[in-house]
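Peer 1: Dropping the structure in here first, questions after.
The values are calculated or read from the model by the stated rules, or taken from the named source; none is laboratory data. The structure displayed is predicted, hence computed values, not measured ones. Reconstructed Cβ throughout: ideal geometry from the backbone, glycine too, with neighbour counts over all protein chains shown.
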Amino acid sequence: MLKRITSFLTAVFMCFALASCSVFQVDEPVITVSGAEVDKEIFAYYFDKVVARPSNYGLDEKASPEDCAGKAVELCTRYVTVNTMFEKYNLRLTPSQKYSIADEVGNKWTCYGNHYKKIGVSRAAISKIVTNETYEDTIFTTLFDNSDEEAEKKVRKYFADNYIVFRAVCGYFITTDAAGSDIEMSDAEKDKVETRFRSLAEKIVDISGIEAAANELNYTASSAILLKKTQCEGYPDGFFEDVNSLQNDSASVLRYDDCIFIIWKYNPDDREEEYASCRSQCVKDMYSAFGEASFRSLEETFEITRSEPMINSFVRNIEIYG
């Protein structure tokens with residue numbers, strides 16, 4: 001009997017031991033927002049984004065790791081806010097939105113999968129993030145997107161004022177010396193290039209002429225480019241304003257210090273594909289202040305609990321992010 005009892009107690013002890021181990025093996029949430037847990041993968045994604053470009057989130061470029069972590073906490077809170085509001089309004093994604101989510105997740109994973117793996121973010125987490133972004137678009141559409149004609153005119157005007165659609169042939173004012181090294185052209189050489197570009201641009205009467213000009217210059221013409229006024233990184237200063245001032249459906253030449261373009265600017269009123277692709281973003285931009293107020297009012301009711309040991313582990317290992 002004693003042997004039987006001892007065996008039973010041993011078995012019970014083993015069960016409790018295994019249960020205790022499993023409890024401690026479960027990942028602790030990095031933050032909890034009024035009961036909604038945000039795991040380390042979601043936090044890592046936002047922390048990575050802030051570390052990469054602190055200025056995009058209102059921080060100094062040399063922001064401290066602690067400040068970056070604090071901003072990531074804010075972004076995770078917004079993540080919960082969006083999910084909460086989407087459920088509150090009983091919204092649903094369309095089949096088209098679901099297809100777009102799957103497509104974007106696939107593209108992100110193809111391009112950045114190795115980096116995401118490095119920082120401990122799975123493809124499933126990327127799917128949650130992209131879905132959350134689509135939720136936010138849907139919330140704005142539900143709250144602020146009116147279907148009347150006057151409202152549509154306002155959205156189209158915003159699109160025309162803040163986006164340009166164009167094709168381009170771009171050349172750089174670089175030549176090669178006898179040793180094969182790149183050197184900047186002289187002013188006289190730059191003037192010759194500009195003369196040639198302008199001569200070719202004058203012959204362009206429709207969009208097909210862009211391809212012909214590119215072939216003549218032994219360059220490659222771009223496909224149609226959709227460029228937002230606030231996202232012109234990599235382009236010369238003033239490029240958006242310069243292109244926006246050009247005549248629609250015609251070719252023009254723009255010269256800058258180190259490069260030159262033949263630009264075919266499309267009429268934004270005719271670009272239905274590009275307009276449709278960013279219409280929801282236009283609505284979000286137009287009503288961002290109202291949307292922010294709606295989100296903030298909900299966030300003010302949240303109780304946020306931070307796991308400082310978890311957050312400190314991100315801060316200590318900041319070099320792998322960004």
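Peer 1: Since residue 244 meets every condition but one in (1) modelled with pLDDT under 95; (2) closer than 30 Å to residue 143 by Cβ, which condition does it not meet?
Peer 2: With respect to (1) modelled with pLDDT under 95; (2) closer than 30 Å to residue 143 by Cβ, residue 244 is out only on (1).
Peer 1: Taking the condition under 12 Å from residue 165 (Cα atoms) and of a type in the set (D, E, K, R), does residue 228 pass?
Peer 2: Taking the combined requirement at face value, the residue satisfies it.
Peer 1: Condition (residue is assigned by TED's automatic domain parsing to the domain that holds residue 218, buried (at least 19 other Cβ atoms within 10 Å of the Cβ) and not hydrophobic (A, V, I, L, M, F, W, C)) applied to region 150-166: is it met by at least one residue?
Peer 2: So far as region 150-166 goes, yes, one or more of its residues are assigned by TED's automatic domain parsing to the domain that holds residue 218, buried (at least 19 other Cβ atoms within 10 Å of the Cβ) and not hydrophobic (A, V, I, L, M, F, W, C).
Peer 1: Which pairs do you get when a residue that is free of Cβ contacts under 8 Å to residues at least 60 places away in the same chain, found in region 92-106, comes within reach of a residue that is assigned to a helix (DSSP H, G or I), reach meaning Cβ atoms under 6 angstrom, with the pair 6+ apart or on two chains?
Peer 2: Note: pairs meeting the criteria are 97/134; 101/130; 101/131; 101/134; 104/130; 105/126; 105/127; 105/130.
Peer 1: Confirm whether residue 167 is among the basic types (Lys, Arg), modelled with pLDDT of 95 or more and closer than 24 Å to residue 227 by Cα.
Peer 2: Numbers: among the basic types (Lys, Arg): yes; modelled with pLDDT of 95 or more: yes; closer than 24 Å to residue 227 by Cα: yes.
Here the answer is yes, as residue 167 does meet what is asked.
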